[in-house]
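Participant: Below is a structure I'd like to ask you about.
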Amino acid sequence: MTTQAALVLSDTFVDEAHETWGRVRRRLDVLDVPGELVLTGAASVPGALTKGDVDLHLRVPRDAFAAVVDRLRTVYEPGSVSAWAATLAVFDVPGARSTGLAVTPVDSEHDVRFCRAWDVLRADPGLLEEYNDLKRKAFGTPSYEDLKSAFFSRIIVREPPAGREGADGCGSR
């Protein structure tokens with residue numbers, strides 16, 4: 001199997017991604033978890049290549065971050081623990097499609113990184129093609145994560161797309 005065969009276009013499961021968002025939002029509401037839940041990652045960008053997972057981003061008030069993380073630990077398994085930081089927690093959400101839930105305090109470094117990167121990709125077809133090309137060439141290789149991280153570090157320094165100034169315009173709902 002080639003690495004390219006493992007990739008799919010985000011458009012092929014966008015409805016399922018939005019259904020997953022709704023299911024998780026309802027669960028968070030039952031748990032009385034505050035914050036803005038947004039669909040992020042490649043599934044939030046029409047025409048993006050992806051391994052087929054769903055990425056969700058929960059933006060919480062700074063003073064609620066620790067309590068939210070503690071509450072989420074009671075219902076979801078911690079995921080990508082090596083990526084956890086003072087302003088980032090990641091959980092695995094059970095379901096038919098692999099789903100991750102990243103939690104960040106609003107306006108923190110990780111929050112801005114998630115918001116800005118995907119907004120920029122949605123707004124710039126040239127950068128989206130560059131992202132897709134990176135995926136085609138490097139997905140599944142040992143250097144993929146480093147190359148992807150460097151790509152995102154480079155694009156988040158760009159000005160936010162018009163109408164998306166600041167972190168409050170985060171993501172796709």
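Participant: In a helix (DSSP H, G or I), surrounded by 14 or more Cβ atoms within 10 Å (Cβ to Cβ) and either within 16 Å of the chain's Cα centre (by Cα) or of a type outside the set (Ser, Thr, Tyr) (or both): is that true of residue 38 in this structure?
Facilitator: No; evaluated as a whole, the condition is false for this residue.
Participant: Please go through region 86-108 and pick out each residue that is more than 20 Å from residue 34 (Cβ to Cβ) and surrounded by fewer than 12 Cβ atoms within 10 Å (Cβ to Cβ).
Facilitator: If the condition is that a residue be more than 20 Å from residue 34 (Cβ to Cβ) and surrounded by fewer than 12 Cβ atoms within 10 Å (Cβ to Cβ), then 94, 96 are the ones that fit.
Participant: Every residue in region 52-83 that is closer than 24 Å to residue 145 by Cα and loosely packed, with under 14 Cβ neighbours inside 10 Å, please.
Facilitator: 77, 78, 80, 81, 82, 83
Participant: Pull out all pairs, ordered by first then second residue, where Cβ-Cβ is under 7 Å, the residues are six or more apart or on different chains, the first lies in region 51-71 and is at positive phi, and the second is assigned to a strand (DSSP E or B).
Facilitator: Listed pairs, sorted by first residue: 52/8.
Participant: Follow-up. So, in region 2-34, how many residues would count as being of a type in the set (Gly, Ala, Ser) and over 15 Å from the mean Cα position of the chain (by Cα)?
Facilitator: Qualifying residue count for the region: 3.
Participant: Okay, next question. Answer yes or no as to whether residue 11 is among the acidic types (Asp, Glu), part of a helix (DSSP H, G or I), touching a residue at least 12 places away in the same chain (Cβ under 8 Å) and within 23 Å of residue 140 (Cα to Cα).
Facilitator: When the stated conditions are applied, residue 11 passes them.
Any read-out appearing in this document is the output of simple, stated calculations on the displayed coordinates, not a laboratory observation. Since we're looking at a predicted model, the values are computed, not measured. We place every Cβ from the backbone using ideal geometry, glycine too, and count neighbours over all the protein chains shown.
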